[in-house]
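Take a look at the structure below.
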Amino acid sequence: MNKKYIFGLAFLAISITAILSSCHDKRSRGLEFSPNMYYPLAYNPDQKNKNFADGITAQVPPVGTTPVGYTRFDDFPNTPEGYAASDAMVNPLTVNKQNLAEGQQLYIAMCGPCHGKLGMGNGHIVEIGKYPAPPSYSTGVSSRGGAMKDLSDGKINHTIQYGLNLMGSYASQLSPEERWQVVMYVRELQKAQ
């Protein structure tokens, strides 16, 4: 037999099969690759869910639970009493080059625009006149009373956690470990001045 004849018959058979299989059901998309991408196994948050009594998929977490990767800070609430009690908090991180380097990087990115590179209260935002200068870490006086250099690590951490006056909370931007690294770097700035 001729090779052209064999290839011609094979091509014709494949073509007829493809045409007939594509015309059989107009709503069918044919074979699907990874059907779980189109039809997810998990429930969507706004979808009804028969697994819960109220039928709602997006459930509120149980009272008193802590999400994974989150550290509770409820022992020291955002009140004057909580601020005073935070004085007992001690920085759990050891002072080493890595923690100081990470604290410096976080400080420059998060705190530097207002507090300045050296903590003197002369950051970029203050220089352009948008906001008043925050107190200097070495010579300034805290709006809660007392010299900034005399604040404990816990009080600095509490202020980063909840914010104070024009300074907003950094709880969502900095993890608890990162806040302690910033506190550690602030201490180094105070020693240098």
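The values are calculated or read from the model by the stated rules, or taken from the named source; none is laboratory data. This structure is a prediction, so every number in the text was calculated from the model and none was measured. Every residue, glycine among them, receives a Cβ derived from its backbone with ideal geometry; neighbour counts consider all protein chains shown.
From the list Ser152, Ser143, exactly one residue is out of contact with any Ser or Thr (no Cβ under 7 Å at 6 or more places or on another chain), at pLDDT below 85 and closer than 22 Å to Met89 by Cβ. Which is it?
Of Ser152, Ser143, the one residue that is out of contact with any Ser or Thr (no Cβ under 7 Å at 6 or more places or on another chain), at pLDDT below 85 and closer than 22 Å to Met89 by Cβ is Ser143.
Which one is nearest to the chain's Cα centre (by Cα), of the residues in region 78-128 that are crowded, with 17+ Cβ neighbours inside 10 Å, of a type outside the set (A, V, I, L, M, F, W, C) and assigned to a loop (DSSP other than H, G, I, E, B)?
Ranking the candidates gives Asn91 first.
Which of the residues that make up region 145-177 are in a helix (DSSP H, G or I) and over 26 Å from Lys130 (Cα atoms)?
Asp150, Asp153, Gly154, Lys155, Pro176, Glu177
Just for region 140-151: of the residues that are of a type outside the set (Gly, Ala, Ser) and farther than 19 Å from Pro176 by Cα, which one is surrounded by the fewest Cβ atoms within 10 Å (Cβ to Cβ)?
Within region 140-151, the match that is surrounded by the fewest Cβ atoms within 10 Å (Cβ to Cβ) is Asp150.
May I ask you to verify whether Tyr137 is assigned to a helix (DSSP H, G or I), crowded, with 20+ Cβ neighbours inside 10 Å, of a type in the set (Phe, Trp, Tyr) and touching a helix residue (DSSP H, G or I) at 6+ places or on another chain (Cβ under 6 Å)?
No.
Just need a number here: residues in region 103-158 that are within 18 Å of Leu174 (Cβ to Cβ), in contact with a strand residue (DSSP E or B) (Cβ under 8 Å, 6 or more places away or on another chain) and of a type in the set (A, V, I, L, M).
Of the residues in that region, 0 qualify.
For (1) part of a helix (DSSP H, G or I); (2) touching a helix residue (DSSP H, G or I) at 6+ places or on another chain (Cβ under 6 Å); (3) modelled with pLDDT under 80; (4) more than 30 Å from Ser175 (Cβ to Cβ), each residue gets a yes or a no:
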site: Ile6; (1), (2), (3), (4): yes, no, no, yes
site: Ala13; (1), (2), (3), (4): yes, no, no, yes
site: Ile16; (1), (2), (3), (4): yes, no, no, yes
site: Ser22; (1), (2), (3), (4): yes, no, yes, yes
site: Met37; (1), (2), (3), (4): yes, no, yes, yes
site: Leu41; (1), (2), (3), (4): no, no, yes, yes
site: Lys50; (1), (2), (3), (4): no, no, no, yes
site: Val63; (1), (2), (3), (4): no, no, no, no
site: Phe73; (1), (2), (3), (4): no, yes, yes, no
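Could you list, ordered by first residue, the pairs with Cβ atoms under 7 Å in which the first is in region 164-191 and free of Cβ contacts under 8 Å to residues at least 40 places away in the same chain and crowded, with 19+ Cβ neighbours inside 10 Å and the second is part of a helix (DSSP H, G or I) and aliphatic (A, V, I, L, M), at least 6 apart or interchain?
From residues that are free of Cβ contacts under 8 Å to residues at least 40 places away in the same chain and crowded, with 19+ Cβ neighbours inside 10 Å, the pairs are Arg179/Ile160.
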